[in-house]
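The values are calculated or read from the model by the stated rules, or taken from the named source; none is laboratory data. Quantities reported herein were computed from a predicted structural model and do not represent experimental measurements. Methodologically, a virtual Cβ is constructed for each residue, glycine included, from the backbone with ideal geometry; neighbour enumeration extends over all protein chains shown.
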Amino acid sequence: MSTETPEDGVQTTASTPARRPRGPRRFRLRTLGIVPIVVLGVCASRILLSRALGACGDVFRGPDAQKEHRAAREVRSAQRFAESLGRLKGPYAKLGQFASLRHDVLPDAWRGELTTLRDRVPALPLSRVRGMLERELGRPLEKAFRSFEARPLGAASIAQAHRAELPDGRQVVVKIQYPWLEQALPTDLALLRTGVAWLARRRDAGPQPLRWFDEFASGIREELDFTREAAVAAEISANLADDPRVLVPEVIPSHSSRRVLTVVHHDAIPITDLPALRARHIDPAEVLEILVQAYAKQVFVDGLFHADPHPGNLFVVDASGAPRVLFVDFGLSRRLAPELRDESRRAIFAVLQGDVDAFIASMTKLDMIAPGSEGAVRAAVERMLSTMKAEGSPLGMGADRILSLKDEALVLLRETPGLQLPNDLLLYARTLSYVFSLGRELAPEVDLMKLTVPWLLRFLAGSGQTGRG
């Protein structure tokens with residue numbers, strides 16, 4: 001039983017009630033949008049002041065020193081912005097995460113800092129989320145749990161997680177949504193949409209940024225419903241049930257709701273903790289094979305996939321020397337629309353055949369080319385396919401070359417005006433890229449393409465898809 005003191009000094013255990021929050025009214029300034037305006041206003045002021053002072057200092061520096069200091073200021077600006085979004089949580093932190101995917105919108109320094117919002121969002125003291133937990137479960141914390149750890153295991157954009165023990169002795173992890181999010185969401189999205197529209201006008205970007213934002217807003221509305229996350233976890237678990245080497249935590253319905261999700265806890269090793277794996281005589285190459293095949297089935301066969309494969313969401317359970325890969329946190333998951341799956345299949349065929357016309361046709365059907373931009377996009381696609389053709393079939397390339405081609409494609413994306421990729425497609429590509437990057441870290445000697453190709457060929461043949469959209 002934990003007796004740790006959280007940030008506000010309140011000691012909280014299952015047998016020692018904490019100071020009770022005053023319900024939703026406590027967050028009134030947050031739900032009215034006043035707190036975000038103040039936080040972002042202060043952040044913008046600090047960034048502008050830093051740039052102004054830096055520009056004054058540049059007068060006394062040589063060209064090389066100016067360049068170095070400007071780069072450092074850009075990193076500091078990005079850090080301040082990411083910290084502000086992390087403090088605000090909810091759609092602000094989530095938009096920062098999605099913005100980090102947009103290689104065509106943000107410079108590398110900003111994307112790198114925004115990527116930290118996946119796993120570096122500051123947690124709240126239990127006293128600030130306890131009221132939400134008790135209202136959702138309909139009973140006091142000490143009656144719902146035998147013990148409950150005050151210090152969170154971790155925090156993300158929409159919730160934080162705590163270890164606990166049920167009255168029947170089962171060890172669980174409890175995910176609690178931040179209490180103001182649902183009530184504040186309409187105001188938050190309206191403020192963010194206004195900001196995106198303003199930036200789009202300044203950059204003469206047309207309607208595409210607002211289309212991206214509307215896709216994002218739809219996704220976060222879904223993520224705030226934990227009953228959906230529980231259903232997705234159950235469906236992915238059922239899809240992977242034929243592979244006993246994969247584990248999805250069981251949801252505890254009696255302790256779950258729309259804004260609280262309780263799952264069975266499993267003692268596990270972080271997937272990138274190589275010394276711990278080897279100490280248990282677990283072969284990282286075997287772990288990687290399980291992971292790759294699980295993702296290949298999700299992406300290429302089921303069309304529904306866990307879309308956040310960073311090390312904080314993937315673990316290894318040691319079952320008497322036979323490792324199992326544990327997936328956690330299904331808030332960020334995607335079901336690819338049938339038309340996106342179909343056109344992705346045609347686009348991959350076009351890449352394998354070096355067919356520029358077919359590739360452009362698929363991009364056009366998915367509305368990925370802005371009006372008047374087909375010439376520039378076609379020229380970029382021709383360069384990309386020409387480079388790939390010179391190196392042989394992509395199916396025979398190693399994982400390192402695939403990752404380097406991905407980086408080259410991102411550079412092309414940034415430099416080609418008129419490309420407008422859907423968020424879901426970027427998430428799809430990012431998920432595969434993260435899995436390949438994990439492979440390089442876990443067992444670089446393993447040929448990931450060899451593991452992936454059978455599933456890819458099955459996808460290209462159009463067999464085995466669920467067809468659910």
request  = Would you check if there is a residue in segment 212-225 being over 30 Å from L192 (Cβ atoms) and in contact (Cβ under 8 Å) with a residue 12 or more places away in the chain?
outcome  = no
task = Please state which of the following conditions T262 fails to meet, knowing it meets all the rest: (1) part of a strand (DSSP E or B); (2) among the hydroxyl-bearing types (S, T, Y); (3) surrounded by fewer than 23 Cβ atoms within 10 Å (Cβ to Cβ).
result = (3)
ask   = Can you tell which of L185, L153, L137 is among the aliphatic types (A, V, I, L, M), surrounded by fewer than 23 Cβ atoms within 10 Å (Cβ to Cβ), under 21 Å from S257 (Cα atoms) and free of Cβ contacts under 8 Å to residues at least 24 places away in the same chain?
value = L153
task = Restrict the check to segment 286-295 and report whether at least one residue is buried (at least 19 other Cβ atoms within 10 Å of the Cβ), assigned by TED's automatic domain parsing to the domain that holds D447, part of a loop (DSSP other than H, G, I, E, B) and out of contact with any Pro (no Cβ under 9 Å at 6 or more places or on another chain).
result = no
inquiry  = Can you list residue pairs whose Cβ atoms sit under 9 Å apart, with the first residue in segment 188-203 being under 12 Å from F216 (Cβ atoms) and the second being of a type in the set (D, E, K, R) and surrounded by fewer than 17 Cβ atoms within 10 Å (Cβ to Cβ)? Count only pairs 6 or more apart in sequence or on different chains.
reply    = L189/R221; R193/D214
key: Residues of segment 59-76 satisfying the condition of being over 26 Å from L114 (Cβ atoms) and of a type outside the set (A, V, I, L, M, F, W, C)   = R61, G62, P63, D64
ask   = Do we find that T262 is of a type in the set (S, T, Y), outside the structural domain of D318 (by TED's automatic domain parsing) and under 21 Å from the mean Cα position of the chain (by Cα) in this structure?
value = yes
remark   = Across segment 319-337, the tally of residues that are over 29 Å from T364 (Cβ atoms) and crowded, with 17+ Cβ neighbours inside 10 Å stands at 9
Scope segment 338-375; condition within 25 Å of the chain's Cα centre (by Cα), surrounded by 15 or more Cβ atoms within 10 Å (Cβ to Cβ) and assigned to a loop (DSSP other than H, G, I, E, B); matching residues = L366, M368
request  = Can you give me the ranges of the helices (runs of 4 or more DSSP H) entirely in segment 387-469 with at least 2 residues that are at pLDDT 75 or above?
outcome  = 423-442, 448-461
D243 being surrounded by fewer than 20 Cβ atoms within 10 Å (Cβ to Cβ) and in a helix (DSSP H, G or I) = no
remark   = Note: among F315, F300, F330, just one is assigned to a helix (DSSP H, G or I), within 20 Å of the chain's Cα centre (by Cα) and aromatic (F, W, Y), namely F300
Odd one out for L189, checked against (1) touching an Asp or Glu at 6+ places or on another chain (Cβ under 9 Å); (2) modelled with pLDDT of 90 or more = (1)
